[in-house]
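Before any comments, here is the structure.
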């Protein structure tokens, strides 16, 4: 049963400007693992913008409650490159409250826009 669906888009240019303008924003929004590619190199702004959109979409799928911690939702990549969601803390608590057992995530970035869709399934 689908419990919630969330979608979000982010302008890559605007997101890049926000990262440059606001010291520490990258660390506030993303875990250390999210900031790096599997090779250990820093992720591109487009990739980070898609992950930011995923966190926003996740919040929408959960009904956009107040008090979710950005680091309690982590976008990881399987060896194949497929993105997955891992939740803990405040996000896991809200998901449990709603009966979420499985997450589905799709990320994309093209033509200056990053997007994400999240489906919460119970």
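The values are calculated or read from the model by the stated rules, or taken from the named source; none is laboratory data. Please read these numbers as outputs of a predicted model, since none were measured by experiment. Cβ sites come from the backbone with ideal geometry, for glycine too, and all protein chains shown count toward neighbours.
Looking at the stretch 14-26, is at least one residue buried (at least 17 other Cβ atoms within 10 Å of the Cβ), touching a strand residue (DSSP E or B) at 6+ places or on another chain (Cβ under 8 Å) and either at pLDDT 95 or above or over 20 Å from residue 112 (Cβ atoms) (or both)? Scanning the stretch 14-26 turns up at least one residue that is buried (at least 17 other Cβ atoms within 10 Å of the Cβ), touching a strand residue (DSSP E or B) at 6+ places or on another chain (Cβ under 8 Å) and either at pLDDT 95 or above or over 20 Å from residue 112 (Cβ atoms) (or both).
I'm trying to understand the selection: among the residues of the stretch 89-122, which are touching a residue at least 60 places away in the same chain (Cβ under 8 Å) and over 15 Å from residue 60 (Cα atoms)?
Initially, the stretch 89-122 is screened for residues touching a residue at least 60 places away in the same chain (Cβ under 8 Å), giving 98-100, 109, 112-122.
If the condition is that a residue be touching a residue at least 60 places away in the same chain (Cβ under 8 Å) and over 15 Å from residue 60 (Cα atoms), then 99, 109, 112, 113, 114, 122 are the ones that fit.
Counting residues in the stretch 68-88 that are touching a strand residue (DSSP E or B) at 6+ places or on another chain (Cβ under 6 Å), over 23 Å from residue 122 (Cβ atoms) and either touching a residue at least 12 places away in the same chain (Cβ under 8 Å) or loosely packed, with under 13 Cβ neighbours inside 10 Å (or both) gives one or more. Out of 51, 94, 76, which single residue is out of contact with any helix residue (DSSP H, G or I) (no Cβ under 7 Å at 6 or more places or on another chain) and under 13 Å from residue 4 (Cβ atoms)? Matching residue, one of 51, 94, 76: 94.
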